[in-house]
1. Just to check, using Stokes-Einstein with a Kirkwood Rh over alpha carbon pairs, what's the diffusion coefficient of the range 250-401 at 25 °C and 0.890 mPa s in µm²/s?
2. Over the Cα atoms of the range 312-397, what Rg and Dmax result, in angstrom?
3. Quick check: residue separation of Asp96 and Ala188 times 0.36 nm, minus the Cα distance between them. What number comes out in nm?
4. Counting C-alpha atoms alone, how compact is the range 349-427: give Rg to one decimal and Dmax as a whole number, in angstrom.
5. Once fully extended, how much extra length lies between Leu85 and Glu219, figured as 0.36 nm per residue of separation less the alpha-carbon to alpha-carbon distance?
6. Once each part is reduced to its C-alpha centroid, what is the distance from the range 299-334 to the range 25-93 in angstrom?
7. Taking a cut-off of 18 Å between Cα atoms, list the aspartates and glutamates near Lys373, but don't count ones fewer than 8 places away on the same chain.
8. In nm², what is the average projected area of the convex hull enclosing the Cα atoms of the chain?
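Read-outs: derived from the displayed coordinates by stated rules, not from any lab. None of these values were measured; they are calculated from a predicted model. Cβ coordinates were reconstructed from backbone atoms using ideal geometry, including for glycine residues, and neighbour counts include every protein chain displayed.
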Amino acid sequence: MNHTRSEQLFARATELLPGGVNSPVRAFRSVGGTPFFAQRAEGAYLYDVDGNAYVDYVGSWGPMIAGHAHPRVLEAVARTMRDGLSFGVPNALEVDMAEAITAIVPSCEMVRMVNSGTEATLSAIRLARGATGRTRIVKFEGCYHGHGDSFLVKAGSGVMTLGLPNSPGVPAALADLTLTLPYNDFDAATALFDEVGHDIAALIIEPIVGNANCILPREGYLQHLRALCTQHGALLIFDEVMTGFRVALGGAQQRYGITPDLSTFGKIIGGGMPVGAYGGRRDLMRQIAPAGPIYQAGTLSGNPVAMAAGLATLELIRAPGFHDALERSTHALCDGLEAAARDAGVAFHTTRAPGMFGLYFREGPVETFEGAKASDTARFNRFFHAMLERGVYLAPSAFEAGFMSSAHGDAEIAKTLEAARAAFAAL
Ligand code: HOZ
């Protein structure tokens, strides 16, 4: 494959943008090499500036669940933008979006739109602290909730990828208020709540971890956390920025039958535009300004064009059978990859939920962050490049989940498995 134009662009970008990028993981630091620059995208495919095509398993890190450049989404954006790009006063599409989210996710009786998942999570913990009068929060090792100060403690995603799970610039006084737990460890959670439960404002969790590869909750684990929070008067926050509207229409909370107090969203509800949201119980959400005293604001929040893209995407995924089909294609991909690895004698394991998956270069099962870290990342990096050269784009980090869309059909899966057979054989 020729990557000349991408290499030239990256050389220019490196002089102008820190690391040549506007978000770290896409810089290819952990897998090595030069990132490709996108020219356009359609369906399951990304096309780079050198004319190469890739079956895309990143999907803009989650939003593109209906495939890239879906005509219905583009049409909604085009129609809406003709009336103006931003008003700074309320618009009807914000109300439509709030109605859609509250209808799909019953735990969210009210929502507030923001501009990113990071904004959603940091607003949710401000609300939790304000509402409970407590200061400490609990997060999980390897979970990533955006780059807010309180969350860059033993975090996943880019910080894990770069080996910087605690970031300089976060005041120790603030980081000390963030307690961490090992994911899927029942006893550790019980012990922590027994010790300091009275002081915990909220426990925030990715119900399926998507920022430390992909780790599923053990049977009863999320129920256990729900019970602990209720018992100790702490709020349970589900960070569904990745899982929301993906692993089921109503997200992980629907799939596992849990009612969190607050939830955070992003990605799919923006249909590819920069959007986030947080929502939850009415008595909590009514404490947000101007209904209540807890302040949070945003000039572009509820942007009409972003709402139109998100609403069009939600309409597509509300089609009957959408998530069942996504689940079937995720299994077909993961089963096929495991079979290809077995044939090549490579220790390999996948984890999966509808529309998202994890790839591990080790035997399974993988149920903990320690287990995820035990994957052979050097082997993953070689596999990543072998796949890329064969026209398949996986997340450029062993610590990011992969994503599928409804545009990934039999042909794309067959192409991926053909590339994988060659890539495993070449390891
Ligand atoms: N938060 C994104 C993945 N979990 C990072 C994307 C990027 O750095 O490009």
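1. Numbers: Rh = 18.7 Å.
Estimated diffusion coefficient is 131 µm²/s.
2. 14.8, 44
3. Working: separation 92, 0.36 × 92 = 33.12 nm, distance 4.17 nm.
Result for the pair: 28.9 nm of gain on full extension.
4. Reported Rg and Dmax, both Å: 12.5, 35.
5. Numbers: separation 134, 0.36 × 134 = 48.24 nm, distance 4.58 nm.
Full-extension gain reported as 43.7 nm.
6. Distance between centres, Cα-based: 13 Å.
7. Output for Lys373: Glu141, Asp185, Glu206, Glu363, Glu400.
8. Numbers: hull surface 78.8 nm².
So the mean shadow area of the Cα hull is 19.7 nm².
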